[in-house]
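Some notes on the structure that comes next.
The values are calculated or read from the model by the stated rules, or taken from the named source; none is laboratory data. A quick note: this is a predicted structure, and the numbers were derived from the prediction, not measured. Backbone-built Cβ (ideal geometry, glycine too); neighbour counts: all protein chains shown.
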Amino acid sequence: MKANIAWFLIGFVVSWLTWSGAAFIRYRPRDYTQAWPEDLRELLPLGGMDWLKNARGYRIGSCRIFTPANRSDSSVQLQSLTIDGLPGIGVQDENADGTVDRLLVVDSAHRHFSFAAGNGTGVFDSYEYTTGIGPESKTFRDDDMDGQFNFRVGPGRSMAVFIESQWRDVVGKDNKHFVELEGKLVRIEFYPIVRIVDGN
């Protein structure tokens, strides 16, 4: 009887150690973006999703859920396992205060919406839409959720702002940005919102 109990305990301990080791290997932090296109990987810091390069992944049904290895970030990413990880949904709580800071939705054509709640209340106050990846893609931003985009990047490095009911090309000069209004270059800022700084 004692021998049977001893063998049972040994078997239990060996099974538990084997399961723990397998779980540690399976769920250890890793870079889940290595197989992604380079253009998409370059967008990760802009969307606040750079933590996916060191994340834990858990499979649930036909989806994989990613969480940051760093406990100070409460973000979570949900990706389909059927189409190259897309469509995907990301929910970010960047400062682990229990309030959502950003919601990201990406489809299989790499178009994505990013809704931001920069005011700390959990209410979205701006959003961006990106038409895809590659040199011809464009990103549009609506600074105040009124349905009118205020800022555009692309194609390439070109930028434009929507001021006085018209898209105007942004001109860079001495690390400052300008648009032409009534024949004059007017200095603007476009982060965190588009605004006219002065007329000099």
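General remarks:
- Any hit, segment 87-104, residues being under 22 Å from Ile65 (Cα atoms), without any contact (Cβ under 8 Å) to a residue 40 or more places away in the chain and polar (S, T, N, Q): yes
- In the set (1) out of contact with any strand residue (DSSP E or B) (no Cβ under 7 Å at 6 or more places or on another chain); (2) surrounded by 14 or more Cβ atoms within 10 Å (Cβ to Cβ), Glu182 fails one condition alone, (2).
- Segment 180-200, subset over 30 Å from the mean Cα position of the chain (by Cα) and in a loop (DSSP other than H, G, I, E, B), residue farthest from Glu164 (Cα to Cα): Asn200
- Selection status of Ser114, touching a strand residue (DSSP E or B) at 6+ places or on another chain (Cβ under 9 Å), in contact (Cβ under 8 Å) with a residue 24 or more places away in the chain and either loosely packed, with under 13 Cβ neighbours inside 10 Å or in a loop (DSSP other than H, G, I, E, B) (or both): no
- Yes/no for Phe115 being within 30 Å of Asp198 (Cα to Cα), of a type in the set (Phe, Trp, Tyr) and assigned by TED's automatic domain parsing to the domain that holds Thr67: yes
- Residues of segment 146-159 satisfying the condition of being of a type in the set (A, V, I, L, M, F, W, C) and under 19 Å from the mean Cα position of the chain (by Cα): Phe151, Val153
- Subset of segment 137-171 [assigned to a strand (DSSP E or B) and closer than 22 Å to Ala109 by Cβ]: Thr139, Phe140, Arg141, Asp142, Arg152, Val153
- Whichever residue in segment 178-192 is touching a Phe, Trp or Tyr at 6+ places or on another chain (Cβ under 6 Å) and not aliphatic (A, V, I, L, M) and, among such residues, is nearest to Tyr127 (Cα to Cα): Phe190
- Yes/no for Val106 being at pLDDT below 90, of a type in the set (A, V, I, L, M, F, W, C) and either farther than 20 Å from Leu52 by Cβ or within 17 Å of the chain's Cα centre (by Cα) (or both): yes
- Lone unmet requirement of (1) assigned to a strand (DSSP E or B); (2) buried (at least 16 other Cβ atoms within 10 Å of the Cβ); (3) aliphatic (A, V, I, L, M) for Val91: (2)
- Checking Ser108 against (1) out of contact with any strand residue (DSSP E or B) (no Cβ under 6 Å at 6 or more places or on another chain); (2) of a type outside the set (A, V, I, L, M, F, W, C); (3) within 23 Å of Ile89 (Cβ to Cβ); (4) outside the structural domain of Leu81 (by TED's automatic domain parsing), the condition it does not meet: (4)
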